[in-house]
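Below you'll find the structure I mean.
Derivation of every value follows stated rules applied to the coordinates shown; laboratory data play no part. None of these values were measured; they are calculated from a predicted model. A quick note on method: Cβ atoms are made from the backbone with ideal geometry, for glycine too, and the neighbour counts reach across all protein chains shown.
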Amino acid sequence: MTIDPGPASVDAPWPVAVLSTKIKGWIDRLGSVWVEGEITQWGGSGGNVYGKLKDLDVDATVGFTIWSSVKAKLPADLKQGDRVVALVKPNYWVKGGTLTMQVFEMRHVGLGDLLERLERLRQTLASEGLFDPRRKKPLPFLPGRIGLVTGKDSDAEKDVVRNAQLRWPSVEFRVVHSAVQGERAASEVTAAIRTLDADETVDVIIVARGGGDFQNLLVFSDETLVRTAAACTTPLVSAIGHEADRPLLDEVADLRASTPTDAAKRVVPDVADEANRVQQLRARIGMRMTSMIGREIDRVEQVRSRPVMANPVWLVDSRAEELSRYVGRSTELVEQRIARALDGVSALTAHLRSLSPQRTLDRGYSIALTGAGHIVRDASEVREGDPLLLTLSRGAVEAAVTAVQPAPDAPR
């Protein structure tokens with residue numbers, strides 16, 4: 001019978017055994033519970049299985065133990081990466097001071113449940129427009145550097161690098177290794193994508209894995225990973241290599257490749273194919289230019305064969321008589337116009353001269369001007385003794401008024 005030592009204090013501390021016993025008692029009272037999670041570690045020893053179970057949504061993990069007697073009753077295909085529900089009982093080992101979960105039952109989570117969760121997430125992301133083809137960015141024709149996210153020393157890495165360099169030997173890679181299954185996979189792939197997206201020298205990113213079963217590929221439907229891929233500014237290629245059940249990464253990627261090898265072929269052009277295409281284009285251009293020059297030569301020959309080009313003076317000779325006729329007619333018309341104009345000038349000159357004061361003076365008349373220079377039109381405009389200037393046909397004389405004789409009809 002264990003005696004309760006009472007409250008612990010600095011003067012009366014508990015022995016470690018007492019603390020361990022109390023912890024075990026508290027834990028034992030929890031009893032057995034059903035939990036759901038993902039197997040992230042699975043290893044056997046002495047017929048027993050020791051592993052870890054991770055929460056599906058948050059970063060929380062517990063270790064578990066399956067004794068050989070229980071293992072024989074469990075499904076034989078259980079393995080790392082599976083999502084399961086398990087009946088566990090917390091077990092605190094007093095001697096070692098460790099806590100583990102003793103498994104009594106374990107079974108796969110129903111595939112229908114997994115598909116339902118995946119479908120709900122798919123619908124949510126689709127409603128936000130993350131699957132819209134208009135969001136997808138075009139891949140560069142010839143990337144200078146390719147970012148590659150894949151498992152270390154994996155066949156996927158070798159396939160991508162080898163096939164890309166076979167197609168274009170000078171292509172460069174920046175490879176970021178990450179787990180591609182298990183509890184660390186989603187966070188490591190997400191971090192790798194962010195790292196490569198921040199690298200301005202990386203022109204395109206390939207996420208590659210060499211296939212796998214449905215449950216192992218669920219990591220590529222992780223919501224955080226998928227949203228990171230959708231927000232990526234660098235074109236991203238999904239090369240998971242799983243045809244039957246497409247992970248959500250395939251939906252948001254700018255390009256989906258069926259395999260890592262296919263990704264290399266679709267991202268990097270084949271230098272031999274491009275050289276052949278250039279040769280074909282050069283040949284087509286040469287043929288077009290030859291045809292165009294041939295047509296222009298024929299057109300020049302046709303122009304040169306015309307009479308006017310064969311005998312250039314023919315055009316002048318054929319128009320000479322007509323030109324002479326036009327010249328003669330134009331000379332005649334000009335002379336007639338000049339003669340009529342001269343006649344008009346003579347008539348105007350004669351009329352102008354008939355109206356000239358000089359003609360009046362020539363007939364014996366004179367013009368009388370007062371000393372102020374005004375023309376005298378009426379005898380009443382001058383008085384006896386006023387000086388006058390008489391303008392004659394030739395010259396002028398000065399005179400003075402000696403008498404004024406009014407006009408007969410002028411009032412007296």
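Which lysines does Lys73 reach when only Cα atoms under 21 Å apart count, and residues fewer than 8 places away in its own chain are ignored?
In chain and number order, the partners are Lys52, Lys89.
Go through 272-284, 140-152 and give me the packing order, highest mean Cβ count within 10 Å leading.
Result, highest mean first: 140-152, 272-284.
What list of ³J(HN,Hα) couplings, whole Hz, do you get for segment 329-344 from phi and the Karplus terms 6.51, -1.76, 1.60, once you set θ to phi - 60° and write x for glycine and proline?
Result, rounded to whole Hz: 5, 5, 5, 4, 5, 5, 5, 4, 4, 5, 4, 4, 5, 5, 4, x.
How far apart, in nm, are the 7 Å Cα→Cβ label points at Arg227 and Glu200?
If labels sit at Arg227 and Glu200, their model points lie 2.9 nm apart.
State the label only: which of (i) 1.03; (ii) 0.95; (iii) 2.72 corresponds to Cα Rg over 2.2 N^0.38 Å computed from the shown model?
(iii)
Explain nothing, just compute: Karplus ³J(HN,Hα) = 6.51 cos²θ - 1.76 cosθ + 1.60, θ = phi - 60°, for every residue of segment 23-28 in order, whole Hz, x for Gly and Pro.
4, 4, x, 5, 5, 4
Show the residues, 5+ positions off or on another chain, whose built amide H is closer than 5 Å to the amide H of Phe64.
The answer is Gly51, Lys52, Leu53, Met101.
Calculate, in nm to one decimal, what Val278 and Leu142 gain on full extension: separation in residues at 0.36 nm each, minus their alpha carbon distance.
Residue separation times 0.36 nm, minus the Cα-Cα distance, leaves 47.4 nm.
Which FRET efficiency, nearest 0.05, do Val401 and Ala347 yield, Cβ-Cβ r, R0 51 Å?
Details: r = 42 Å, r/R0 = 0.83.
Calculated transfer efficiency: 0.75.
Okay, next question. For Lys22 and Asp378 in one chain, what is 0.36 nm times their gap in residues minus the Cα-Cα distance, to one decimal in nm?
Values: separation 356, 0.36 × 356 = 128.16 nm, distance 16.02 nm.
Roughly 112.1 nm would be gained on extension.
What residues have an amide H closer than 5 Å to that of Leu388, excluding those fewer than 5 places away on the same chain, when H is modeled at 1.01 Å from N in the peptide plane?
Residues meeting the criterion, in which the H sits 1.01 Å from N, are Ala399, Ala400, Val401.
Separate question: Measuring from centroid to centroid over Cα atoms, what is the spacing of segment 265-295 and segment 38-60 in Å?
About 59 Å separates the Cα centre of segment 265-295 from the one of segment 38-60.
Measuring from label point to label point, each 7 Å out along Cα→Cβ, what is the Val58 to Ser32 span in nm?
Between Val58 and Ser32, the simple spin-label model gives 2.7 nm.
What's the FRET efficiency of Phe104 with Phe173 using the Cβ-Cβ distance as r and R₀ = 45 Å, to the nearest 0.05?
0.40
Within 10 Å, count the other beta carbons around each residue, average over each peptide in 115-121, 234-240, and list them highest first.
Going from most to least packed, we get 234-240, 115-121.
Whole-Hz Karplus ³J(HN,Hα) for segment 86-101, in order, using 6.51 cos²θ - 1.76 cosθ + 1.60 and θ = phi - 60°, x for Gly and Pro?
Per residue, the Karplus-derived 3J(HN,Hα) values read 9, 8, 10, 10, x, 9, 9, 8, 4, 5, x, x, 10, 10, 9, 10 Hz.
Can you give the FRET efficiency to the nearest 0.05 for Glu119 and Trp67, using r as the Cβ-Cβ distance and R₀ = 60 Å?
Calculated transfer efficiency: 0.95.
For a protection proxy built on the mean count of beta-carbon atoms within 10 angstrom, sort 80-87, 370-377 highest first, please.
The most tightly packed comes first, giving 80-87, 370-377.
Stretch Arg363-Leu166 to full length: gain in nm at 0.36 nm per residue minus the Cα-Cα span?
Taking Arg363 through Leu166 to full extension adds about 58.4 nm, to one decimal.
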